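Notes for the one structure printed next.
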Amino acid sequence: MSRGQQVILVTVLIGLGLRLLFVWQHPFTNDEGAYLFDAKLLYEYKLPGGDIITKAPVPAMLFAVSVWLTNGSLYASRLVVLLASLLTVIPLAWLAKQIGGRPAGMAAVILWLVVIPIPMQVLGITQTVAGLFAGSFLVMWWRAMLLSSTLKRPYLAAFAAGLLLALAYASRKTSLVMVVPAFYLWMLAPKTSRIESIAPAVMGLLAMLLPWLIMAGFLYGSAGVFEAIGLAYADIWWQDTSSMAGQASAGGAFMVLGRVGGGLVMAAAFGMAWSIFQLRRQELRPALPLIWLLALAGIYMGWPVFLPEYLIDFFIPIALLSSLALATIHLHWPKRGRVAMAIIVVATSASLWSAYIKPWTGMFTRQAIQTAAAQLQKYVPADEPIFTAVVIIPYLSDHDVIGNISHPMWYRYKFISAATRDSFLPPIDEVEAEIRNGSTKWGIVEHLTDYSYLRSEANLIELFGRDWVLIDTIKNDTGWRSNDIKIYSRS
């Protein structure tokens with residue numbers, strides 16, 4: 001085994017170990033619970049109450065397969081994300097090697113497996129899965145555009161590129177930005193490659209998109225097609241207040257990145273400084289990752305909010321840019337390269353320790369979820385639905401919730417019209433009537449349920465302590481949020 005192979009093996013083992021540590025240790029978020037419950041319902045051939053089929057069907061299906069393979073494990077979605085995170089190193093290293101040579105590819109492997117903010121990459125949400133498909137798309141598009149003369153079947157590469165772009169878009173709508181770096185590569189390609197690759201790429205794109213749109217239309221009508229295409233997100237983007245809201249909340253997201261991703265921040269600083277130097281010399285090596293980053297920044301400038309987990313979308317182009325910079329610095333200025341790597345290692349170590357002792361997000365501890373699920377299994381018949389917004393608990397206890405509603409925050413989003421909301425969720429007045437006068441006998445209340453359902457114009461909170469009796473209170477302090485779980489029974 002060569003020295004390079006030894007380095008890669010050790011790096012893979014360290015990266016895997018760190019990911020497993022945070023998969024086990026990190027508290028669970030609201031979104032993780034929603035995606036797990038979506039996956040459970042899909043596995044049971046039921047339709048989730050929310051927009052997961054039109055928003056992110058690919059991760060949902062992958063999570064459902066993992067639910068089946070792990071027998072309903074609390075970590076089902078996290079295991080999918082862990083695998084996607086590890087696999088992403090392949091397209092990233094390939095791109096880095098094509099642009100900056102073998103040293104850049106090696107730097108990309110180390111940066112991705114160890115330096116990238118691992119605590120942000122273990123949550124069972126959609127960003128990392130989308131990133132894997134987006135990076136893979138760019139690899140196949142590069143092959144179709146710039147390496148077509150060396151390929152026996154360039155049309156297959158173009159078709160695969162179209163299919164991967166569709167998979168990325170069906171994992172996360174922001175993957176649409178990939179058309180910008182793809183267009184840059186298209187402009188660099190020979191004329192014959194540009195012409196010959198368009199048709200197979202479109203065929204690959206439609207091979208995924210058409211069945212998805214037909215399914216969305218069959219399930220939800222025109223509202224489903226509208227949401228799947230992403231026009232609803234375009235409507236959000238053009239709201240007058242969206243850019244102000246995004247700017248107002250971006251500071252908090254970058255504060256989180258500074259605490260749990262200090263190594264990446266340092267690497268990005270070296271990458272940006274190097275890119276400025278290269279561009280001033282009229283060298284275009286940093287152009288591809290920079291264009292990718294600018295496209296992402298552009299789409300997020302108009303988003304209604306900018307949550308810390310949205311930064312995950314930026315990790316691949318940042319890692320690509322930084323690996324090119326560090327490889328160049330190490331090649332031409334070895335001492336400076338060693339100093340740069342030492343700074344990154346120290347910052348990464350400090351960030352990992354900080355995230356370990358104090359999580360950067362998370363509403364529910366593993367112990368609280370398991371205790372609450374055990375209580376439900378003990379007292380609540382399997383066929384009785386639960387009233388709650390914290391669906392990660394009935395997911396684990398194998399209960400349903402009223403209306404199969406896995407995304408109740410839709411009831412509180414003012415930018416979603418009532419007609420669109422009612423296409424995906426039961427009307428809110430029916431849900432409120434069920435809570436007040438219906439047959440549902442059991443409920444779980446904590447911050448998310450309180451916000452989504454109880455503190456509304458219907459003032460349902462008055463029922464709890466009067467018509468609904470407190471049965472048990474389960475302590476739930478995640479280190480990021482104190483959020484006790486209360487189990488109620490209708491008297």
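Tell me which residues, restricted to segment 435-457, are in a helix (DSSP H, G or I) and either touching a residue at least 24 places away in the same chain (Cβ under 8 Å) or within 27 Å of the chain's Cα centre (by Cα) (or both). Selection gives 435, 436, 447, 448, 449, 450, 451, 452, 453. Of all residues in segment 373-387, those that are in contact (Cβ under 8 Å) with a residue 40 or more places away in the chain and in contact with an Asp or Glu (Cβ under 8 Å, 6 or more places away or on another chain) total 4. Picking from residues in segment 373-413 that are of a type in the set (Ser, Thr, Tyr), part of a loop (DSSP other than H, G, I, E, B) and farther than 17 Å from residue 39 by Cβ, the one that is nearest to the chain's Cα centre (by Cα) is 413.
For residue 85, state whether it is modelled with pLDDT of 95 or more, over 21 Å from residue 188 (Cα atoms) and touching a helix residue (DSSP H, G or I) at 6+ places or on another chain (Cβ under 8 Å). Spelling it out, residue 85 is indeed modelled with pLDDT of 95 or more, over 21 Å from residue 188 (Cα atoms) and touching a helix residue (DSSP H, G or I) at 6+ places or on another chain (Cβ under 8 Å). The criterion of being closer than 22 Å to residue 262 by Cβ and at pLDDT below 95 does not hold for residue 280.
The set of residues from segment 10-38 being among the small types (Gly, Ala, Ser) and free of Cβ contacts under 8 Å to residues at least 60 places away in the same chain comprises just one member, 17. Here residue 155 meets the list (1) among the aromatic types (Phe, Trp, Tyr); (2) surrounded by fewer than 24 Cβ atoms within 10 Å (Cβ to Cβ); (3) closer than 22 Å to residue 312 by Cβ almost entirely, failing just condition (3).
Screening residue 409 on (1) surrounded by fewer than 17 Cβ atoms within 10 Å (Cβ to Cβ); (2) in contact with a Ser or Thr (Cβ under 8 Å, 6 or more places away or on another chain); (3) modelled with pLDDT of 95 or more shows it passes everything except condition (3).
Summed over segment 439-463, the residues that are closer than 10 Å to residue 490 by Cα, out of contact with any helix residue (DSSP H, G or I) (no Cβ under 7 Å at 6 or more places or on another chain) and either among the β-branched types (Val, Ile, Thr) or surrounded by 13 or more Cβ atoms within 10 Å (Cβ to Cβ) (or both) give a count of 3.
Condition first: outside any helix (DSSP H, G or I) and farther than 23 Å from residue 7 by Cα. Now tell me which residues in segment 96-141 satisfy that. Within segment 96-141, 122, 123, 124, 125, 126 qualify. For the structure I just gave you, tell me whether residue 37 is among the hydrophobic types (A, V, I, L, M, F, W, C) and within 16 Å of residue 65 (Cβ to Cβ). Answer is yes for this residue. Restricting attention to segment 422-434, does a residue exist that is touching a helix residue (DSSP H, G or I) at 6+ places or on another chain (Cβ under 9 Å), part of a strand (DSSP E or B) and crowded, with 17+ Cβ neighbours inside 10 Å? Within segment 422-434 (the criterion being touching a helix residue (DSSP H, G or I) at 6+ places or on another chain (Cβ under 9 Å), part of a strand (DSSP E or B) and crowded, with 17+ Cβ neighbours inside 10 Å), the answer is no, since none of the residues qualifies. Taking each residue of segment 176-189 that is over 17 Å from residue 157 (Cα atoms) and assigned to a helix (DSSP H, G or I) and looking for partners that are at pLDDT below 95 and not acidic (Asp, Glu) with beta-carbon atoms closer than 6 Å, six or more apart or interchain, yields 177/299. The combined condition, being touching a Leu at 6+ places or on another chain (Cβ under 7 Å) and assigned by TED's automatic domain parsing to the domain that holds residue 137, is fulfilled by residue 285.
The values are calculated or read from the model by the stated rules, or taken from the named source; none is laboratory data. Here the structure is a predicted model, which is why all the values come from computation and not from measurement. Ideal geometry is used to build each Cβ from the backbone, glycine not excepted, and the neighbour counts take in all protein chains shown.
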